[in-house]
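Input: a single structure, listed below in structure tokens.
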Amino acid sequence: MTATPAPKEASKAATRQRPGSDPTEDAQPMMRRVKTKLTSKWATAAAIIIAVVWSVPTFGLFVTSFRPAAKQVGPRSNGWWNAFVDWDFTFKNYADVLTPAGSQSANLSQYFVNSIAIVIPVTIFVLVLASMAAYVFAWGKFKGRDALFIFVFALQIIPLQMALIPLLQFFTQTLHLPAGSYAQLWIAHTMFGLPLGIFLLHNFISEIPGEVIEAARVDGAGHSTIFWRIILPLSVPALASLAIFQFLWVWNDLLVALVFSGGTADVAPITQRLAEISGTRGARDYLNPAAAFVSIIIPLLVFFGLQRYFVRGLLSGGLKG
Amino acid sequence: MDFIGGKLLQVVIALAIFAAIIGIIMLVVDRAPKSVKDKVTVAGFLAPAAILMLVGLVYPAVRTSMLAFTDASGNGNGFDNFVWMFTQPEALTTLRNTVIWTVLVPLLSTSFGLAYAVFIDKARGEKVLKSLVFMPMAISFVGAGIIWKLVYDYRGPGLEQTGVINFLRDAVGLDPKQFLLDAPENTIFLIVVMVWIQTGFAMVILSAAIKGVPVELIEAARLDGANAWQQFRNVTVPGIRGALVVVLTTITIATLKVFDIVRTMTAGNYDTSVVANEMYTQAFRAGEPGRGAALALILFLMVLPIVVYNARVLRKQREIH
């Protein structure tokens, strides 16, 4: 976002949309413009239809997750929308998927903790390492800098599928990383997250005014001081949005988990457990919706809680065409 | 809850080791003699990310390319794996499906996202409307698979339907349909899930770009008597061309790599497999790493033109700088 009118417009839109603030307050001139703009009723209707179609599936899952087993499967079952007519909700499904009861149990709380233990270190690793590299690509001076940067950009497009087999061999045969520990997952996710992380942060860091860095250097600050005291604090919006992205990717990942986790309750993340229990059609099918909802609750919270940064971060990177 | 302690300890140890490594790098960078200080800085800041990307992406990509020319026991077999891929009916179906995915998903997601972004631009409750469509982005493919299995749920004719779509079909007098079993249209029903997820991404980026189009231009077009469609085609679309390219590229790449949706909804059965899923099946389930690698290589070759195009755009931007 380098164009001059754009940030103003965007920040105006952002303040206007902040939750809790009265949308009509500074929207007066905006409203006048809306009136002059050709807004058709059809467009509004189409928008509402899209919004409904997009939300119904998730809403259906949410309702289903609270329905008793007999209403979900078997002869007395019917569609989730009936729950509102014949009022019947229960927390039992959630209790069942979260607590370890017998070998058949979904035992999700263990996997839930695994997901958290995987995602937090990875997010920190990627943020620190990617911002260090991005800083050097933006402000360091060395031969072949631009070519190398393009190369890193291109790396994000190597399909993970290509990396899996050799990397697994490397981890187990060369590094002797113990199978069934978090180490393999942490390292693999960090490796895969770096190219895009560097790319996004570089776009932001390279637009920090050069005078700021020059002034610090004149005052005798070294590179590490400049990096920790100036670059990182100024990059908070970009770091926040990358952190959210990285968090969602790792939390939602299945492929890397399948290959590197070993699949035990000690290490495997919640997505993997979810894929396992939803893959086996059986008498406990009615627990899947509750299990699925447990797995999406954290990303939804992260997403709704931080989406302001999300959009701002997206604006700062990759949109300069 | 005693399982949490051990896991927490692992996380803390990992973070401590990471902090120590970064600390040492910063120390070395600061203490380096003046004559080589800049070089040491570049090396120190870049080394961790560079090593991880070399080991995690570059080396595996090279190894996989070589592996693609070996058989199940690791002996070279020339182009046999590729011959298999382009002659076996199942493998051909997989390729065909991947092409359908990569054409339809970016096209549909971007169109829906763009239409929605235009429809809700400056409308009342824009933020809520945006959140509803963006929400699927925060849900894992596995979670989305479970959500949509519920939507596609099937009961025999005459029974009460539990899936929303079959319920609606029932209401208008159509026979219930087994959405995930009947080839070839079941691939389309899987694609719907991916479109559902990606539309929000397209919408958010394009909406931000639309807000960056100078209001004066739209105003001028309106004064010249352009109707809504002409304003959209001649002012808005050219104004957001860069964002459109970013969106199409990102979604295309994500689609090529898609794996989890197919894995959780049909496991690739009933003629729904795609290259990314087949790669996993061959390499990690069927004991044919050579075939898996060959499929990964094909995936890479399919992505390659997109990389080249984007690297070009990037290079141009850097030259302008």
Q. Does residue A:230 count as at pLDDT 85 or above, among the aliphatic types (A, V, I, L, M) and crowded, with 23+ Cβ neighbours inside 10 Å?
A. no
**Q.** Leading residue by the ranking (farthest from the other protein chains (Cβ to nearest Cβ)) among those in region A:270-286 that are among the small types (Gly, Ala, Ser) and assigned to a loop (DSSP other than H, G, I, E, B)
**A.** A:283
(Q) Exactly one condition in (1) within 7 Å of chain A (Cβ to nearest Cβ); (2) open to solvent by less than 20 Å² (accessible area, probe 1.4 Å) is false for residue B:266; which is it? (A) (1)
(Q) Against the definition (under 25 Å from residue A:246 (Cα atoms), within 9 Å of chain A (Cβ to nearest Cβ) and open to solvent by 10 Å² or more (accessible area, probe 1.4 Å)), how does residue B:209 come out, yes or no? (A) yes
Q: May I ask you to list the residues in region A:46-60 that are over 17 Å from residue A:85 (Cα atoms) and touching a helix residue (DSSP H, G or I) at 6+ places or on another chain (Cβ under 9 Å)?
A: A:46, A:47, A:48, A:50, A:51, A:52, A:53, A:54, A:55, A:56, A:57, A:58
Q) Of (1) at pLDDT 85 or above; (2) surrounded by 19 or more Cβ atoms within 10 Å (Cβ to Cβ), residue B:172 satisfies all except one. Which? A) (2)
(Q) The conditions are (1) over 30 Å from residue B:288 (Cα atoms); (2) among the β-branched types (Val, Ile, Thr); (3) over 26 Å from the mean Cα position of the chain (by Cα), and residue A:97 fails exactly one of them. Which is it? (A) (3)
(Q) Quick test for you: out of B:45, B:86, B:79, pick the one residue that is away from chain A (no Cβ under 13 Å) and in contact with a helix residue (DSSP H, G or I) (Cβ under 8 Å, 6 or more places away or on another chain). (A) B:86
(Q) As an exercise: evaluate residue B:92 against (1) facing another protein chain (nearest Cβ under 7 Å); (2) surrounded by fewer than 17 Cβ atoms within 10 Å (Cβ to Cβ) and give the number of the one condition it does not meet. (A) (1)
Q | Single condition residue A:202 does not satisfy, out of (1) surrounded by 20 or more Cβ atoms within 10 Å (Cβ to Cβ); (2) facing another protein chain (nearest Cβ under 10 Å); (3) not small (Gly, Ala, Ser) | A | (2)
Q. Do the conditions hold for residue B:271, that is, is it among the acidic types (Asp, Glu), away from every other protein chain (no Cβ under 11 Å) and either without any contact (Cβ under 8 Å) to a residue 24 or more places away in the chain or surrounded by fewer than 16 Cβ atoms within 10 Å (Cβ to Cβ) (or both)?
A. no
Q: List every residue pair whose Cβ atoms sit under 8 Å apart, with the two residues 6 or more apart in sequence or on different chains, where the first one lies in region B:8-28 and is within 20 Å of residue A:136 (Cα to Cα) and the second, anywhere, is modelled with pLDDT of 95 or more and among the aromatic types (Phe, Trp, Tyr).
A: B:18/A:125
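Residue-by-condition table, conditions (1) in contact with a His (Cβ under 7 Å, 6 or more places away or on another chain); (2) crowded, with 20+ Cβ neighbours inside 10 Å; (3) without any contact (Cβ under 8 Å) to a residue 40 or more places away in the chain; (4) within 30 Å of residue A:291 (Cα to Cα):
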position	(1), (2), (3), (4)
A:220	no, no, yes, no
A:234	no, no, yes, no
A:269	no, yes, no, yes
A:278	no, yes, yes, yes
(Q) Please determine whether any residue of region A:124-144 is open to solvent by less than 40 Å² (accessible area, probe 1.4 Å), more than 10 Å from chain B (Cβ to nearest Cβ), at pLDDT 95 or above and within 29 Å of residue A:249 (Cα to Cα). (A) yes
**Q.** Lone unmet requirement of (1) touching a Ser or Thr at 6+ places or on another chain (Cβ under 7 Å); (2) open to solvent by less than 20 Å² (accessible area, probe 1.4 Å); (3) facing chain A (nearest Cβ under 8 Å); (4) not acidic (Asp, Glu) for residue B:297
**A.** (2)
Q: Filter the helices (runs of 4 or more DSSP H) completely within region A:1-95 down to those with at least 2 residues that are at pLDDT 50 or above and surrounded by 15 or more Cβ atoms within 10 Å (Cβ to Cβ).
A: A:41-65, A:69-72
Q: Return the only residue of B:62, B:118, B:40 being touching a residue at least 60 places away in the same chain (Cβ under 8 Å), within 14 Å of another protein chain (Cβ to nearest Cβ) and open to solvent by 30 Å² or more (accessible area, probe 1.4 Å).
A: B:118
Q: Considering every residue within region A:120-129, establish whether at least one is of a type outside the set (A, V, I, L, M) and within 27 Å of residue B:200 (Cβ to Cβ).
A: yes
Q: Select the helices (runs of 4 or more DSSP H) contained entirely in region B:83-183, then report the ones holding at least 1 residues which are β-branched (Val, Ile, Thr) and more than 22 Å from residue A:82 (Cα to Cα).
A: B:89-120, B:126-134, B:141-151
Q: Quickly run through region B:125-145 and pick out the residues that are more than 7 Å from chain A (Cβ to nearest Cβ) and of a type in the set (Phe, Trp, Tyr).
A: B:134
Q | region B:201-212 residues that are modelled with pLDDT under 85, paired with ones that are among the acidic types (Asp, Glu) (beta carbon under 6 Å, 6 or more apart) | A | B:211/A:9
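The values are calculated or read from the model by the stated rules, or taken from the named source; none is laboratory data. In this text the structure is predicted, and so the values were computed from the model without any measurement. When we count neighbours, we look across all protein chains shown, and the Cβ atoms used for this are built from the backbone with ideal geometry, even at glycine. Side chains are part of the model used for accessible areas, which takes the heavy atoms of the whole protein and leaves out ligands, DNA and RNA. Shrake-Rupley method; radii C 1.70, N 1.55, O 1.52, S 1.80 Å.
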